[in-house]
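Note sheet for the following structure.
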Amino acid sequence: MPTSVDNDIIQALLISIRTPNISADEVDCSLAELGRLVRTLGFEIFASGSQRQQSTKRLSVLGAGKLEELARMTGALEEADDSLANIDESGLEQFLQSATKSRADVVVFDCDLSPMQLRNLEDALGVQVFDRTGVIIEIFSRHASSKTARLQVELARLNYLTPRLRREHGGDRQRTGGRSVGESALELERRAIRDKQAELRRELKKVQEVMQEQKSSRQATPTAALVGYTNAGKSSLMRALTGSDVLIENKLFATLDTTVRALVPSTQPRILVSDTVGFINKLPHDLVPAFHSTLEEAKDACLLLYVVDASDGNFRTQLEVVRSVLGQIRLTEKDKLLLLNKVDCLSKDERDALCKEFPDALQISALNSDDVAAVHQAIVSAIANQMVSACFNIPYGASALMGEIHNKMQVQEEEYHALGIRVTLKGRSADLDRLNKRLLREY
Ligand SMILES: Nc1nc2c(ncn2[C@@H]2O[C@H](COP(=O)(O)OP(=O)(O)OP(=O)(O)O)[C@@H](O)[C@H]2O)c(=O)[nH]1
Ligand SMILES: [Mg+2]
């Protein structure tokens, strides 16, 4: 991955291939999102545009003429001449009009490229070429901070990079007795990577076992999980709801690790809130396991808070992506609450229209304390609704259980009798069952 040298910011040329099954709007939205991903890496957008193609599978990806035009922009061919202003319908002319600097340093495609396509493009364009997956993997590896996230992202990165290794060895390949020294060096490097991957997998297994233990110790404390598209405002809301200092950034994938904190002001029973990784359309295949396992926390939640950036014109599609991924990991049956965030950026009319479209949603701004208090209240009510009333006789010999009861349930009355404490409480059915079984088994 190139980095800026002498404060010279890397200029990225973004290209989308528009295949017949994709609308112009979809291309624009996806390209705009690619721009934000690329800016998250610290690059500047040199120019962007799309080109119609029957598929993204052509070995050269673009036609020879187009490649030549791009090569002029990257400096692989001589500077553009006047004829470039007459590029046809493809939209590539936008490149030339919007280009403010003379040269692009990298080219980023808004689709996945095979190792062979990537190689062909780099040969033709003379600069480093990325595909969407490469960019997302790079962001993930820069932002991962917990041990699990780092291990998983490193595994994904190696999976992605291994078939794409070249260059360092390809250039000075020598033939000795029919064997290519360059190739064998490449082979050695690939083997070293495979060993490294095996080591990472072993390490990951150990860390996951420890995490599982930590999770079981938290089990049964009611948890609300913030889920939603990247940059929707989940961490901002987490911070406001729990007083924690989680990272908030106007960047994609600022959060990669799940954080769990207690709701503040505190409630009885205590309610936990978890902040999770953001979703994105076309999540790279290699990152799916990493992504799903960081969502583990949401699997134990009894309430899902879908956070949406209502000020993003594309939020309905983003909400669909979130719903579809949660469906894949069978999380959709849980209680949920839709939070239309960032409404401070909307006009009254826009808010009224949203109110009609999503009558059950809460319109909020994570930056507004009254709105955050309303979310707090909604969480408490939703969890209280999941609780049922019950009455238990706790023998004095079992008074240790009282601490646990206070932790997980809402105690409404305690009466002291000769044989024990009669507790009237509200709790979730599973917790009440567990308590009942313990009382029968142990006392
Ligand atoms: N105007 C406005 N901006 C907000 C609001 N909530 C969050 N933001 C901004 O949106 C950006 C993203 O916020 P985060 O809380 O980091 O978003 P996130 O959903 O955690 O993002 P990822 O961790 O990348 O998935 C930040 O610049 C926030 O300041 C809001 O209600 N109104
Ligand atoms: Mg976040």
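Values in this text are rule-based calculations from the coordinates and carry no lab data. Given the structure is predicted, the values throughout are model-derived calculations rather than measurements. Neighbour counts are summed over all protein chains in view; Cβ atoms, including those assigned to glycine, are modelled from backbone coordinates with ideal geometry.
Data table
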{"read-out": "Label-zone membership for the stretch 6-30, site ARG316, 7 angstrom Cα→C-beta point, backbone N under 11 Å", "value": "none"}
{"read-out": "5 angstrom amide H check on ILE17, placed H, neighbours 5+ away", "value": "GLN51, ASP110"}
{"read-out": "Listed residue pairs exceeding 18 Å between alpha carbons, taken from LYS251/LYS342; LYS147/LYS299; LYS147/LYS196; LYS299/LYS336", "value": "LYS147/LYS299"}
{"read-out": "Hull-based mean projected area of the stretch 387-442, where the convex hull spans the alpha carbons, in square nanometres", "value": "3.3"}
{"read-out": "Set of lysines near LYS356 by C-alpha distance (under 17 Å), chain-local residues within fewer than 8 positions excluded", "value": "LYS348"}
{"read-out": "Phi to ³J(HN,Hα) by Karplus 6.51 cos²θ - 1.76 cosθ + 1.60 over the stretch 236-241, Hz, x for Gly, Pro", "value": "4, 6, 4, 5, 5, 7"}
{"read-out": "Dipole magnitude (debye, nearest 20) for the chain, charges at Cβ of Lys, Arg, Asp, Glu", "value": "1880"}
{"read-out": "Mean Cα-pair separation over length for the chain, i.e. relative contact order, pairs under 8 Å, 6 or more apart, %", "value": "11"}
{"read-out": "Using θ = phi - 60° and Karplus 6.51 cos²θ - 1.76 cosθ + 1.60, couplings along the stretch 53-70 (whole Hz; Gly, Pro as x)", "value": "8, 5, 7, 9, 8, 4, 4, 8, 6, 10, x, 4, x, 5, 4, 5, 4, 5"}
{"read-out": "Range of Cα positions in the chain per principal axis (Å), largest first", "value": "96, 65, 41"}
{"read-out": "Under-5 Å amide H pairs with VAL273, H placed in peptide plane, nonlocal only", "value": "ALA224, ARG261, ALA262, LEU263"}
{"read-out": "Over the stretch 387-442, relative contact order from alpha-carbon pairs under 8 Å, at least 6 apart, %", "value": "43"}
{"read-out": "Gain upon complete extension [ALA400, LYS57; 0.36 nm per residue less C-alpha separation]", "value": "117.0 nm"}
{"read-out": "Nitroxide proxy distance, nm - points 7 Å out along Cα→Cβ at LYS426 and HIS285", "value": "4.9"}
{"read-out": "For the stretch 355-364, Karplus couplings with θ = phi - 60° (6.51, -1.76, 1.60), whole Hz, Gly/Pro x", "value": "5, 6, 6, 10, x, 8, 7, 9, 8, 9"}
{"read-out": "Dipole of the chain [Lys/Arg +1, Asp/Glu -1 at C-beta], most positive-end residue of LEU432, ASN231, THR317", "value": "LEU432"}
{"read-out": "Amide H within-cut-off set for LEU303, under 5 Å, with H built and near neighbours excluded", "value": "THR223, ALA225"}
{"read-out": "Dipole of the chain [Lys/Arg +1, Asp/Glu -1 at C-beta], most positive-end residue of ILE139, LEU155, GLY420", "value": "GLY420"}
{"read-out": "5 Å binning of all Cα-Cα separations within the stretch 220-384, expressed as whole percents from 0 upward", "value": "2, 9, 19, 24, 22, 15, 7, 2, 0"}
